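J.: Could you have a look at this structure, given as structure tokens, before my questions?
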Amino acid sequence: MALTDRALINTILTECHDSVASGLLSEYIKLERVKNYSWWPNWTKDVAEYFQTCDRCKKEKRATGKKFEMMIQIQEPKSPWEIAHMDWVTALPPGGDRSYNAYLVLVNRYRKTPMF
């Protein structure tokens, strides 16, 4: 059953956008939040208009542009350590007998578990 009461619709929009729990979430997440509460005709248009009138969102709006995409699809490995990712964690405070200040982190893509 669709909502037709404007006061109730405005209450839902306020709760999903203005409440402290909403924070500065993306528009997509806020749309999903409204969709979980209810439905009414042209609800996505109403939500977009409500969000566009928010002064706080206008001031703190993140930069828009082309979203990053994977250039190639990474294949899923068929066995452990077939594909591994590695990276350095640096600028750590010195520790231990030899004053190490960095770690090499290896991640097994098959199990997605790190190894330090």
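What follows is calculated from the coordinates using simple rules that are stated; it is not laboratory data. Worth saying up front: this structure is predicted, and the values here are computed from it rather than measured. Neighbour counts run over all protein chains shown; Cβ positions are idealised from the backbone, glycine included.
J.: Hey, with R₀ at 22 Å, roughly what FRET efficiency would E15 and K45 work out to, going by the Cβ-Cβ distance, to 0.05? Mind dumping the intermediate values first?
T.: Values: r = 19 Å, r/R0 = 0.85.
Computed FRET efficiency for E15 and K45 comes out at 0.75.
J.: Okay, next question. If I model a spin label as a point 7 Å beyond the Cα along the Cα-Cβ vector, how far apart are those points for A102 and A7 in nm?
T.: 6.5 nm
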